[in-house]
Amino acid sequence: MLGAERRAVATRAPDLAGLTPGRTGNLSVRRDDRFAVTPTGVAYDRIDAADVPVVSVEGEQVAGDTAPSSETPMHSAVYREFDAGAIVHTHSPWASTLAILHEPIPPVHYMLALAGTTVPVADYATYGTAELAANAVEAMEEADAEACLLANHGLLVTGEDADSALETAVNVEYTARIYCQAKAFGDPVELSREEMAAVAEKFEGYGQDEE
């Protein structure tokens, strides 16, 4: 069940190590009304595709011998509300710094257009709860964003697939870092909503065509 998605989770999970400490991040990849998600408490480089749990968008585990991530309720809620193909959750340091400050990431760099114009902050709730899941969904809906900071917690990012979700997570973390650095020297200058929309449109055609 969901063989390709389970392999994608197992293959790309080690990339979380560069974004989040220990085993605190998680990754899921969706097909239709089910998704493969990293198992809870397992080192990223020890995740085997056959053991990657499969969960329905309603939150029921339907395959896999290991328990799914403790943040599965948040993944389920996001998949029910958004047409996302993958989700990445990290505790990356610079995004988490702004999450602790309850400060959104404004459009100070065009690469943030991968996630939207602004990355909002979702209200705090205990990790792994339905309340946190609802807060994340609400924050992204209100900001029309594909990512959000989780107050006093970390970062949540969506994408078309595992590759795009991880790329966006890296770019959000980068923008969070340079925003914090810029604030240490002065007042960061934001790009306009129109410019961010123009960049987002350019991104849609970016890269090499595959034959």
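Across region 109-150, the qualifying residues are those that are open to solvent by less than 10 Å² (accessible area, probe 1.4 Å) and in a strand (DSSP E or B), and the one among them that is farthest from residue 178 (Cα to Cα) is 122.
Among the residues of region 176-194, the ones that are within 18 Å of residue 117 (Cβ to Cβ) and out of contact with any helix residue (DSSP H, G or I) (no Cβ under 7 Å at 6 or more places or on another chain) come to 8 in all. The set of residues from region 1-14 being out of contact with any Phe, Trp or Tyr (no Cβ under 8 Å at 6 or more places or on another chain) and either assigned to a loop (DSSP other than H, G, I, E, B) or open to solvent by 50 Å² or more (accessible area, probe 1.4 Å) (or both) comprises 1, 4, 7, 11, 12. Considering only region 49-98, how many residues are of a type in the set (A, V, I, L, M), in a helix (DSSP H, G or I) and either surrounded by 15 or more Cβ atoms within 10 Å (Cβ to Cβ) or without any contact (Cβ under 8 Å) to a residue 24 or more places away in the chain (or both)? Number of matching residues: 6. The set of residues in region 38-48 that are crowded, with 17+ Cβ neighbours inside 10 Å and touching a helix residue (DSSP H, G or I) at 6+ places or on another chain (Cβ under 6 Å) comprises 38, 44, 47.
When region 20-29 is filtered for residues that are surrounded by 22 or more Cβ atoms within 10 Å (Cβ to Cβ) and farther than 14 Å from residue 163 by Cβ, the ones remaining, listed by number, are 20, 25, 26.
The values are calculated or read from the model by the stated rules, or taken from the named source; none is laboratory data. Note that the structure is a prediction, hence the values are computed from the model and not measured. Every residue, glycine among them, receives a Cβ derived from its backbone with ideal geometry; neighbour counts consider all protein chains shown. Heavy atoms of the whole protein, side chains included, go into the accessibility calculation; ligands, DNA and RNA do not. Shrake-Rupley method; radii C 1.70, N 1.55, O 1.52, S 1.80 Å.
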